[in-house]
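Structure, as structure tokens:
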Amino acid sequence: MTGETDLHRQEISLLHVACQENLVLTATFIAQKYPLMMRQQSQACWTPLMSACEQGNLEVIKVLVGTGGPSLLEFASNGGTPLHAAISCNITASEPISSEKDEQDEKDENDELDFTQRAYHTVQLLVQLYKHEGGEAKRLTNMKDLNGVSPLMLACFIGDTSIVEFLLENGADPLLASSPANVTVLHVCAERGFYGIASMIL
């Protein structure tokens, strides 16, 4: 057996941990020495690249893409793509905001802001990397996951205005409906109470 085969169970775990914890040197070593590990999926069906995208670990993302990791258009077996994973970074902040929302602890607010900023910068980086590879931005920004959900629809569901604006600027089609339910981003915004985002799209 090859060293990569022998270490398969250990290295995939280590690579996912390195990507989640932003251990750039460790991720670089594993990606270069055992490149096939970049295509392995965790029990949750995440590739290492998707794990890095979900956590907003920009330097690790650059390492994996630069080392010849999975395509930015590649699906994981759970139906997701790296761009969908990046947007879901701030999924915890996705509940509609009530006008009578209780005051939150300052730390919680800071954590939410941090996740929102990380998600935005990760989405921005992925589009830039895809363009650098010669890809057309709108192909990436309009790519539905295997559940028929576009990146724009996911961003609208979460209510992230900055990501919605960035996706629209980079070719995301607001008329692209989910499949097979045929739901549009405007349906999502109305249901979630994000009327400001709906106004941006109209």
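State which residue is surrounded by the most Cβ atoms within 10 Å (Cβ to Cβ) when the search covers only the stretch 21-57 and only residues that are under 22 Å from GLN117 (Cα atoms) and aliphatic (A, V, I, L, M).
ALA52
Yes/no per residue for (1) at pLDDT below 90; (2) in contact with an Asp or Glu (Cβ under 9 Å, 6 or more places away or on another chain); (3) outside any helix (DSSP H, G or I):
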position	(1), (2), (3)
THR116	yes, yes, no
ALA119	no, yes, no
VAL127	no, no, no
LEU146	yes, no, yes
VAL149	no, no, yes
LEU167	no, no, no
ALA172	no, no, yes
SER178	yes, no, yes
CYS189	no, no, no
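Select from the stretch 58-83 the residues that are out of contact with any Pro (no Cβ under 6 Å at 6 or more places or on another chain), over 15 Å from SER42 (Cα atoms) and surrounded by 21 or more Cβ atoms within 10 Å (Cβ to Cβ) and list them in ascending order. Lay out the reasoning, then the answer.
We begin by selecting, within the stretch 58-83, every residue out of contact with any Pro (no Cβ under 6 Å at 6 or more places or on another chain); these are 58-71, 73-82.
Filter once more, keeping what is over 15 Å from SER42 (Cα atoms): 58-69, 71, 73-74.
VAL60, ILE61, VAL63, LEU64, VAL65, GLY69, listed by residue number.
Under 9 Å between Cβ atoms, which residue pairs at least 6 apart in sequence (or on different chains) link something in the stretch 72-98 that is on the phi < 0 side of the Ramachandran plot and at pLDDT 60 or above with a partner that is among the basic types (Lys, Arg) and surrounded by fewer than 21 Cβ atoms within 10 Å (Cβ to Cβ)?
Pairs that qualify, where the first residue is on the phi < 0 side of the Ramachandran plot and at pLDDT 60 or above and the partner is among the basic types (Lys, Arg) and surrounded by fewer than 21 Cβ atoms within 10 Å (Cβ to Cβ), are LEU73/ARG139; GLU74/ARG39; THR81/LYS144; ALA86/ARG118; CYS89/ARG118; ASN90/ARG118.
The values are calculated or read from the model by the stated rules, or taken from the named source; none is laboratory data. None of the values given here were measured: they were computed from a predicted structure. Neighbour counts are summed over all protein chains in view; Cβ atoms, including those assigned to glycine, are modelled from backbone coordinates with ideal geometry.
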